[in-house]
Every structure is written in C-alpha cells, then in structure tokens.
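Enquirer: Let me give you the structure first, and then I'll get to my questions.
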Amino acid sequence: MIGPAGRSPAAPSASLPLRFLVAAGTALVLAALGVPWLAGELAGHYYHPRVVALTHTVTLGWITLAIMGASYQLIPIVLERPLWSERLARWQFLLLVTGIVGMVGHFFIAQWSGLLWSAGLVALAVAAHVINAALSMRGLRAWTFTAWLVVAALAGLTLTTLFGILLGIDRLAPFLPGAFFPTLHAHFHLALLGWVLPMVLGVAARVYPMFLLAPEPRGRGARVQLWGIALGVPAVVAGLLAAPWLAAAGALAVAAAVAAHLAWVLGMVRARRRPALDWGLRFVLAGAGFLVPATLLGLGFAAGLLSGPRLGLAYAVLALGGWASLTIAGMMLKIVPFLVWYQVYAPRAGREPVPTLAQLSWPAGEAAAFALLGAGVAGLALAVAAGEAGWVRAAGVVLAAGGAAFAATLARVVHHATPCAARRAAASFPQAAAR
Amino acid sequence: MSHGCGCEGHDPRDGREGVRPRIARALEARAARTVAEVSADPRALAALQRLGINHCCGAHLTLAEAAAAAGRPLAELLRALDEAGVAGTRPVALAGLDEAALVRVDVREDLRQGREPFARIMAAVRGAGPGQVVVLRAPFEPVPLYDVLGRRGLAHWSERHADDDWSVWFYRAGPAAAAPAAAVAAPAPAPPSTVTLDVRGLEPPLPMVAVLERLDTLAAGEVLEVIHDRRPMFLYPQLDDRGFAHETDEPAPGTVRIRIRPPAPAP
C-alpha cells in the first residue's frame with residue numbers, strides 16, 4: 001500500500017530512461033549508416049573486425065542501451081516496484097556509453113588490449129544495472145510471468161558479459177578449450193536468447209495489452225515460454241560448446257517458446273478493442289513477424305541442415321535487425337512520447353489543456369521509418385545471404401534512410417521537452433484539441 | 001439500440017469486472033422510468049397495449065411496477081419496447097432537441113488513422129454550453145468514456161447504427177439539463193462523499209489525464225476512488241506534487257483501487 005503521508009517512494013524520473021533511449025537511437029543511426037559503408041565486409045565473412053564492431057554497435061549500443069533505458073521506465077510499471085537507485089543508473093549510463101564507444105572503436109581497429117579495458121567498463125555498467133534491477137525487485141508482491149523472465153534476462157545479460165570478457169582475454173592469451181567459432185556462436189546466442197528474448201517476451205506480455213487495449217494473455221503459453229527459455233537457452237549454449245545434439249534439442253525448446261509468444265501476440269491482436277494500429281504497434285508486430293524466418297533459420301542451423309557464414313549473417317540480420325530492432329523501435333515510439341509527455345505536460349494535466357501522445361508524435365515520419373527499416377532489413381538479409389556487396393550497399397542505403405527517419409521522428413518528440421517548444425505547444429493545444 | 005450501458009458491443013473476452021454492474025445500473029435506470037415517460041412516444045403504445053399495460057391509469061407506475069402489475073417479466077417489456085424502436089431508449093432529456101443544441105464530434109476517421117481522439121472529445125465536452133448535448137460518433141461503443149464523463153456529471157445514451165458505427169449522446173441529466181428536458185429532469189442527487197472513476201481499459205496516459213482532470217473538480221471532503229488495472233506508478237508523484245493523499249489496495253486480482261483525498265485546507 002502506498003501510504004497517505006509523505007512522498008511516494010516510486011517517483012520515477014523521465015530524464016533517466018530518456019538519456020538511454022536517445023543514446024540508443026543514436027547508435028541505431030550510426031549502425032544503419034555503417035551498413036552501406038561496410039558493404040564489402042558484410043558481403044564476406046562475419047568475423048571481420050569491422051563487422052564485429054558494427055554488430056556490437058547494434059547489440060550493445062542500440063539494443064542493450066534501449067532495453068536498459070526502457071527497463072528504467074517499465075520496471076515501475078510492469079513490476080509495480082520503484083527503481084532502487086536512480087543515481088546508480090546515471091553512473092551506469094556514463095560507464096556503459098564510454099565502454100561501448102571504446103569497445104566498438106577497438107573492435108574497428110582490431111586492438112584487443114584496449115578492447116578489454118572497454119569491455120571492463122561495460123561489465124561494470126552491466127553489474128550496476130543488474131544490482132539496481134535486482135534490488136528494485138526485492139519484496140515483489142507477486143512473481144509474475146514478467147518478473148520471472150526479467151530475472152532470466154538479467155542472468156542472461158550477466159553470463160553474456162562474462163562470456164564476452166573471457167573471449168576478449170582469450171584473444172590476448174588463448175586459454176579457452178574448444179574451437180573458436182562455436183565459442184563465438186555460444187556468446188552470440190547467450191546474448192540473443194538469454195538476454196534479449198526473455199526481456200522482450202516478459203515485457204510484451206504486460207505492455208502489449210496496455211497499448212492494444214486487449215486482455216492480458218494467460219494460460220499454458222506462459223509455461224511453454226518460461227520452460228522453453230529456462231531449458232532451451234542453456235541447452236543451446238552448452239550444445240554449441242560441447243554437444244551438437246543438445247543444441248538441436250535446446251533450439252526446439254526455444255522455438256516452442258517463440259511459437260507460444262507469437263500465439264499470444266496474435267491472440268492479443270485479435271482480441272484488441274483498439275480499432276486502428278498506430279505505427280508503434282505496426283513496428284512491434286512486424287518485428288514479431290521477423291521471428292518466424294529467424295527461428296526457422298536457427299532451427300535449420302541447430303539441426304545441421306544449414307551452415308555457412310553468409311546464411312549465419314542473414315540469420316543475425318533477421319534476429320537482431322528484424323525482430324529485436326523493429327520490436328524495440330516500436331516500443332520506443334510508445335515510450336519516448338510518454339516520457340516527454342510525462343516530463344513536460346503531466347504537471348499541467350487537469351489544470352490546462354495538454355496534448356495527447358498522438359499529438360506529440362509524427363505519423364508521417366513513423367510511417368517512413370517503418371517502411372524503410374522493414375524493407376531495409378529484409379533486403380539486407382537477402383543481400384548478405386547472397387554475398388553481393390552491391391545489394392548490401394543498396395539495402396544499407398534504405399536502412400540508413402530508415403534510421404534517419406526514425407531518429408527525426410524521435411527528435412521531434414524530444415524537442416517538446418525544450419522550454420520554448422513546450423510553451424509554443426501549450427499555447428496551440430486548445431485550438432488543436434477543438435479541431 | 002441500447003440505453004447507456006456497456007451491454008452491447010462489449011467484448012466478453014476481456015473478462016473485466018465491472019461490466020455486469022454497469023448493465024445492472026442501466027437496466028435499473030430503464031426500469032425506473034415511468035409509463036407516462038415511455039408512452040410519450042406513440043410507437044410505445046402498441047407494445048404497452050399488447051402486454052396488457054394500461055398507459056392511462058398506470059401512467060404513474062415505473063416500467064418495473066407496470067410489468068409486475070401486468071404479470072409480465074420486466075425483460076419482456078423492455079424487449080418489446082426495444083423492438084418497437086423506442087424502448088424507453090432515448091431519454092426524455094434528449095427529445096425534441098434542435099441541431100443547434102447538438103455538439104457533434106465524429107472520431108471515426110481519427111481512429112481509422114490511428115489518431116487519439118480523446119483530446120477532441122474532451123474539448124467538445126468543455127466547449128458545450130449548459131443546454132447543449134455532445135453527440136459522439138465512433139466505430140465502437142466507447143465504454144471507458146462513460147465513467148470518465150460520468151464523473152463530470154454527464155449521462156449517456158448510445159445508439160448502434162451498425163457493428164462499427166455508434167452514436168453516443170452525452171448530456172446533463174440534472175437541473176442544468178437542456179431546456180426541453182427541464183420539465184422532466186430529476187433533481188441531481190447530493191454529491192457523494194466518495195466518487196468513483198473507472199479508468200480500466202484506457203490507453204496510457206489517458207488514465208492519468210482522467211484522474212488529474214477529475215481532481216480539479218473534487219470538492220473538499222470528497223474522496224476520489226480510482227479503479228485501475230495496475231498500480232499507476234507515474235501518477236503517484238503527480239498526486240504528491242499537488243498535495244493529495246492517496247492509498248492503494250487490490251480488492252480483487254487484476255483490479256487496483258486508489259483512494260485520493262484532497263489536501264487539507266490551510267488554517
């Protein structure tokens with residue numbers, strides 16, 4: 001119960017998640033610009049220092065920063081718990097951004113000792129995030145589906161980071177047993193399936209119904225997702241490191257979790273009371289659509305039916321660029337306007353006319369970003385699978401345009417937080433609202 | 001056609017609590033209307049006669065009493081009135097209004113385009129004069145809006161033209177009602193010490209906006225009881241900043257109740 005006396009302990013600051021999300025959006029734009037620039041490298045083998053730099057710009061700079069930033073807004077909402085320490089989160093942001101810039105830079109120039117120092121900063125930032133999130137969850141009233149998956153994701157993030165540090169040390173002084181590429185694949189899948197997947201599945205179960213105006217999903221699908229991830233992800237990672245048959249079994253369990261998630265999403269879309277889908281929701285649903293080819297490719301690799309660096313890169317593009325990126329972009333189109341609205345207009349709500357979230361957003365920009373990013377990712381997956389540098393460059397240009405449209409859309413929203421823009425907007429809302 | 005409830009067009013899959021009480025309230029409101037009120041519409045007479053209800057001597061009876069006196073179930077009477085096309089559905093307060101008394105807001109295109117129409121609706125409600133009625137045209141029955149505007153003292157009456165085409169009339173049912181209805185409007189009840197605002201099913205941040213707007217009109221001594229589907233963690237700081245005391249509990253799984261009290265007046 002929130003007591004009647006004194007201030008609520010759950011006062012979240014909008015500026016904290018916003019700084020993570022703005023930095024993440026910047027990383028997306030840089031990554032999208034990097035695709036046409038690195039078209040030649042992307043048409044070849046994925047283990048090229050510049051391609052690895054690009055991959056970490058996406059995984060750490062875009063996806064991880066966005067998830068962490070969104071967590072600082074969503075933890076209070078989906079777990080109904082206040083954030084343990086905003087100050088720690090602010091320090092974490094500085095450490096993380098510095099570490100990511102260092103890591104990407106050192107990957108790019110293939111300088112491993114500098115890379116390790118940067119990775120150490122990232123590891124410190126990850127530790128701060130995990131501690132902050134874990135302490136925020138102390139005294140949780142109910143261990144919901146979302147809460148379990150958030151815990152799983154934090155465990156996955158911790159293990160991914162440790163694994164990455166070990167890989168970095170191994171580059172300087174080889175000590176890890178086994179072949180290099182299976183170890184690298186295990187690191188990649190730990191990040192994708194152990195960190196990103198449970199976080200997205202957990203948050204989706206709570207946030208999608210809010211925006212689709214649909215009932216919260218319940219039933220057997222929850223168990224399939226929880227057990228599919230709990231059993232499947234360790235099996236995939238262990239299988240890649242030691243026993244291929246275990247990877248196939250794990251991949252099947254993860255695919256079952258993905259199928260249950262998609263069934264939930266489909267059910268929510270069908271049961272929604274919201275008649276029209278806005279662009280944020282279209283992003284999210286398109287992202288879910290990319291899960292299908294990504295999962296099929298993953299199953300193909302695990303079963304030994306598919307192989308090779310080109311298909312491997314196409315698989316990564318579909319999973320990271322298609323599913324994870326479009327889903328996160330969609331959520332950002334919902335979260336960022338809310339944060340700006342909350343910071344600028346919530347104190348005025350009820351006292352004077354305030355805009356709605358829709359009035360803060362820019363549907364034309366969102367539509368352009370949706371079309372360009374969606375087409376760009378699909379085109380890039382085909383281009384890297386074919387290994388054609390020209391196609392990669394063309395898809396990269398489309399992606400870069402999509403990234404620019406997305407950034408412009410967010411910039412227009414964030415612009416409301418500037419004092420003069422807020423004053424101008426407030427003056428125009430009564431007319432806008434009565435239109 | 002339905003009378004002011006969430007009973008038609010409601011998606012039963014959402015399993016929310018609160019719909020049954022709403023239906024019950026709407027039925028009670030219909031049943032409390034008198035035979036005289038209903039029989040003002042000539043289309044009702046045949047239905048009343050067919051069921052053996054005397055619209056002359058029994059004009060003072062409520063529909064519930066008239067049905068009981070005629071030995072007919074109330075539901076049969078209401079259904080017969082519905083089928084007659086009047087059914088006590090259009091409240092007397094809305095009878096005989098000319099176009100100048102109507103503030104029409106059509107949000108169908110907004111919703112088709114994915115635009116949020118809440119601000120337009122609230123602007124129209126704020127801009128409506130004391131004798132005016134807001135007529136909302138929407139592609140679905142906007143059930144959550146009933147509570148939001150109900151807290152502003154607006155009653156509602158809905159018409160379903162098609163599955164995806166609804167008109168909802170929001171009007172003042174008290175003494176400040178439209179002039180043609182003044183003669184039949186019941187006096188407004190005394191303000192309760194607790195007013196309830198159900199914001200379930202609204203997209204963020206509309207629940208927060210609805211609550212903060214309602215706080216503005218909260219009288220001293222009144223308690224605003226907000227029914228939500230989650231703890232509104234972003235609302236609490238706003239309440240704190242405005243000096244409102246609040247407490248939260250969970251009366252049923254998936255239902256959160258926040259009781260908000262205005263700040264004590266300065267000595």
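Each value in this text was obtained by applying a stated rule to the coordinates, not by laboratory testing. Everything quoted here is computed from the prediction, not taken from an experiment. Please note: Cβ atoms are built from the backbone with ideal geometry, for glycine as well, and neighbour counts cover all protein chains shown.
Enquirer: How far is it, in nm, from the label point at B:Asp106 to the one at A:Arg274 when both lie 7 Å from their Cα along the line to the Cβ?
Expert: 2.5 nm
Enquirer: If I fit a long axis through the Cα atoms of helix A:279-302 and take the longest principal axis of the Cα atoms of chain A, what angle between them do I get, 0 to 90°, rounded to 10?
Expert: 20 degrees
Enquirer: Could you sort the peptides A:275-285, A:345-355 by per-residue average Cβ neighbour count (10 Å cutoff), highest mean leading?
Expert: A:275-285, A:345-355
Enquirer: Quick one: putting +1 on the C-beta of Lys and Arg, -1 on the C-beta of Asp and Glu, what dipole do you get for the stretch A:253-398 around its Cα centre, in Debye to the nearest 20?
Expert: The dipole magnitude comes to about 360 debye.
Enquirer: Average partner chain C-beta neighbours within 10 Å, per residue of A:274-283?
Expert: 3
Enquirer: If you don't mind, another one. Going by average Cβ density within 10 Å per residue, which order do the peptides A:69-77, A:90-98, A:214-222 take, highest to lowest?
Expert: A:69-77, A:90-98, A:214-222
Enquirer: How big is the gap, in Å, between the Cα center of the stretch B:154-170 and the Cα center of the stretch B:129-147?
Expert: Here the two parts' Cα centres lie 7 Å apart.
Enquirer: How large is Rg over Rh for the stretch A:36-113, taking Rg from the Cα atoms and Rh as the Kirkwood inverse mean of 1/r across Cα pairs?
Expert: My calculation of the ratio gives 1.13.
Enquirer: Roughly how far apart, in whole Å, are the Cα centres of the stretch A:170-210 and the stretch A:89-106?
Expert: For the stretch A:170-210 versus the stretch A:89-106, the Cα centre distance is 19 Å.
Enquirer: Taking only Cα atoms, what is the 0 to 90° angle, nearest 10, from helix A:220-241's long axis to the longest principal axis of chain A?
Expert: The helix A:220-241 is inclined about 40 degrees to chain A.
Enquirer: Right, here's the next one. Per residue of B:235-248, what is the mean number of Cβ atoms on other protein chains within 10 angstrom of that residue's Cβ?
Expert: That average works out to 5.
Enquirer: Now a separate question. Percent of Cα-Cα pairs more than 29 Å apart in chain A, please.
Expert: 45 percent
Enquirer: Between B:Arg259 and A:Trp117, what is the FRET efficiency for a Förster distance of 51 Å, r being their Cβ-Cβ separation, to the nearest 0.05?
Expert: 0.40
Enquirer: Let me ask something additional. Around B:Leu197, which amide H atoms from residues at least 5 apart in sequence, or from another chain, sit under 5 Å from its own amide H, with H modelled in the peptide plane?
Expert: Residues meeting the criterion, in which the H sits 1.01 Å from N, are B:Glu225, B:Val226, B:Ile227.
Enquirer: Taking R0 as 30 Å, what's the FRET efficiency between A:Ala173 and A:Ala303 from their Cβ-Cβ distance, rounded to 0.05?
Expert: It comes out at approximately 0.25.
Enquirer: Shielding of A:361-372 by partners, i.e. mean partner chain Cβ atoms within 10 Å per residue?
Expert: 1
Enquirer: If you take the alpha carbon radius of gyration of the stretch A:57-101 and divide it by 2.2 N^0.38 Å, what ratio comes out, to two decimals?
Expert: So the stretch A:57-101 has a normalised radius of gyration of 1.21.
Enquirer: So how do B:202-212, A:362-372 stack up, highest first, on mean other-Cβ count within 10 Å?
Expert: Those peptides, ordered most packed to least, come out B:202-212, A:362-372.
Enquirer: Using a Gaussian network model on chain A with a 10 Å cutoff between Cα atoms, which of A:Ile335, A:Ile109, A:Ile67 fluctuates the most?
Expert: Sorting by GNM fluctuation, first place goes to A:Ile109.
Enquirer: Another question, then. Under a point spin-label approximation (7 Å from Cα along Cα-to-Cβ), what is the A:Ala408-B:Ala219 distance to one decimal in nm?
Expert: Label at A:Ala408, label at B:Ala219, 5.4 nm between them.
Enquirer: Charges only on Cβ, +1 for Lys and Arg, -1 for Asp and Glu: so what's the dipole of chain A about the Cα centre, in debye to the nearest 20?
Expert: Dipole magnitude for chain A comes out near 1220 debye.
Enquirer: Moving on. Under 5 Å between amide hydrogens, which residues at least 5 positions from B:Val133 or on another chain qualify, with H placed 1.01 Å from N in the peptide plane?
Expert: B:Leu102, B:Val103
Enquirer: Could you tell me which of A:His106, A:Leu95, A:Met68 has its Cα farthest along the dipole of the stretch A:16-109 towards the positive end, charges placed at Cβ (Lys, Arg +1; Asp, Glu -1), taken about the Cα centre?
Expert: Going by the Cα projections, it comes out as A:Leu95.
Enquirer: Mind grabbing the base-10 log of I(q)/I(0) for the stretch A:97-246 at q = 0.19 Å⁻¹? Debye formula, identical points on the C-alpha positions, no solvent, two decimal places.
Expert: Values, matching the q order: -1.17.
Enquirer: Now a separate question. Provide B:Asp165, B:Asp110, B:Asp240 in ascending order of the number of other Cβ atoms located within 10 Å of each residue's Cβ, fewest first.
Expert: B:Asp165, B:Asp240, B:Asp110
Enquirer: Comparing A:Gly374, A:Gly44, A:Gly267, which has the greatest mean-square fluctuation in the GNM of chain A with Cα pairs linked when under 10 Å apart?
Expert: Fluctuation is largest for A:Gly267.
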